[in-house]
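A quick write-up on the structure given underneath.
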Amino acid sequence: MEQVHEGASDLKPEADSRILTANPQFDEIVTFYTGMTVMVSDETFSEGRAFLHALFKHRPLKELVSPRQSWSDGGWRIPVNIENLQELSITVNKLRRSLHPQILIHSYLPELLVKHGSDQVLKLLNFWQAEVEQTGHVEFYLIPKKTFVDFERKLAALVDGAIEISVERVQNAIQQYFIPIRIAKDEYHLKPVSYTIEGGELIIKPAGEMTMDIGQLRLVAQEMASDQETILTIAQRNYRVHSLADFFMLKEMDGWKTSWLKQVFPDEFDRVLTKMAAYVREGVLNFGKTPFQGGEATDFTELEQRCVRRLKLLCSGEAVDVLNNVAELVAQKTSQPSDSGSLVGCLQELYARLYAFSLQAKMAKRGLEKTLEDALEDVAELKAKVRKLGQDAYAVEISNCPFCRGLQTQGPACENYLANMLKGLSTVLTGRGLACSEVECRASGGRKCVFQLKTVRQIRTET
């Protein structure tokens, strides 16, 4: 395996920072965050290891092995003594604290289980959970499937997610799949995803959506970086989409320059580009070319007004109920999983992003805080005060929130109405990904409703 050296990054672990694998197709399906633990199981105790090394080929990685496994050393295999659990814990925690946040693979669990039993090993891994979260690594526990059945079941409940590797013989050929558990988008959760490893690279081939390989994707990216700008247009009158959320997005993006997509999705442009590329391959979209006119002015007034109308509608409880019913009906007619639970949130964030994009010229005059306050008043008649908490965070205080009026709850009651919209607005206006959470709510005893916006730093390795 090619050794990847640790960079001189001064990046500190930050809660909920996403880890990108440098494989955009995998990142479209699965989401890893700093401080996450994942169980990886396979029948031969070899496919899982090969899968992880191919997936993270271009990222800093360390593999912790038993002394018996340390027959090869490229600087990334670190032998640890497994004879004494306390000594092992001290060694591993010391290693965690000495490294920049990166990928850690634990390959010694089978031997550890034989020596110390499942109960003691589970106690150790449970104790480690807080340490993993604090140091910000993404850690994978490799285990042979159906060998330590009770331990495997309990570990799956302890960790943040799991990946199950399967190998099947199909028409005299070997087919490999991975099944993501609790770490994937709803449409991929517990669904087998086909993959191969070619030249040390992980090639993802899920059914339906991800039909463009990495080479083709890079060609599209090169086109977008050329002297001419690419225009996105819908190629078919009657076309099939992978989700209702995609349907609304494609309708809005028809006729758009791809350079605008970068401004609307500054935090996840690779994911959106992958999605667009898949639709190009399926004949739904066309990418055309038009000479770039530097500095041309474009009037986004119509877009601004349309987004305000849509966001007002999406803040209405009755409209949300109707939309959810439509999603359920579409799911029944198409025999596809319903995305009603996430559809409203996706649309709130989408139209908030588009609305913020249309406001960027105004923000240059008003400033971020004032622009965000005015946007909330225009969309939901909210009296908001936006305060900067530091370089990477903002607080949004709402004194007249209508969504929790008259309610008494144990926790925040307004998040479903406002969090996605605030995330979309602030991400585009700041040009970086922000996560949004409600930290105080009148329904649960607070004096006002307060949301916190915090930068989500995406960690990636350029290839």
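Of note:
- You will find that of Gly433, Gly446, Gly411, the residue that is without any contact (Cβ under 8 Å) to a residue 12 or more places away in the chain, more than 20 Å from Val308 (Cα to Cα) and not hydrophobic (A, V, I, L, M, F, W, C) is Gly446 and no other.
- Residue-level analysis places Arg153 among those that are at pLDDT below 90, part of a helix (DSSP H, G or I) and either assigned by TED's automatic domain parsing to the domain that holds Arg49 or within 26 Å of the chain's Cα centre (by Cα) (or both).
- Figure legend. Inter-residue proximity from the stretch 381-392: first residues under 17 Å from Phe403 (Cβ atoms) and assigned to a loop (DSSP other than H, G, I, E, B), second residues at pLDDT 90 or above and not aromatic (Phe, Trp, Tyr), beta-carbon distance below 6 Å, spacing 6+ or different chains. Indicated pairs: Leu382/Leu376; Leu382/Ile398.
Every residue, every condition in (1) surrounded by fewer than 16 Cβ atoms within 10 Å (Cβ to Cβ); (2) within 13 Å of Gly35 (Cβ to Cβ); (3) assigned by TED's automatic domain parsing to the domain that holds Ile78, yes or no:
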site: Pro101; (1), (2), (3): no, yes, yes
site: Tyr108; (1), (2), (3): no, no, yes
site: Gly117; (1), (2), (3): yes, no, yes
site: Val121; (1), (2), (3): no, no, yes
site: Trp128; (1), (2), (3): no, yes, yes
site: Val132; (1), (2), (3): no, yes, yes
site: Gly136; (1), (2), (3): no, yes, yes
site: Leu142; (1), (2), (3): no, no, yes
site: Lys145; (1), (2), (3): no, no, yes
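- Of all residues making up the stretch 135-164, the number that are under 20 Å from Thr31 (Cβ atoms) and not hydroxyl-bearing (Ser, Thr, Tyr): 14
- Residue within the stretch 282-292 that is acidic (Asp, Glu), at pLDDT 70 or above, out of contact with any strand residue (DSSP E or B) (no Cβ under 9 Å at 6 or more places or on another chain) and assigned by TED's automatic domain parsing to the domain that holds Leu382 present: no
- Consider the stretch 200-235 and keep the residues that are modelled with pLDDT of 80 or more and farther than 24 Å from Trp260 by Cβ. The one that is farthest from the chain's Cα centre (by Cα) is Gly200.
- Count of the stretch 236-263 residues, restricted to those that are surrounded by 15 or more Cβ atoms within 10 Å (Cβ to Cβ) and either part of a loop (DSSP other than H, G, I, E, B) or modelled with pLDDT under 70 (or both), is 3.
- Put simply, of Thr298, Thr274 the only residue that is surrounded by fewer than 17 Cβ atoms within 10 Å (Cβ to Cβ) and either at pLDDT below 80 or part of a helix (DSSP H, G or I) (or both) is Thr298.
The values are calculated or read from the model by the stated rules, or taken from the named source; none is laboratory data. The model shown is predicted, which means the values in this text are computed figures rather than measured ones. Backbone-built Cβ (ideal geometry, glycine too); neighbour counts: all protein chains shown.
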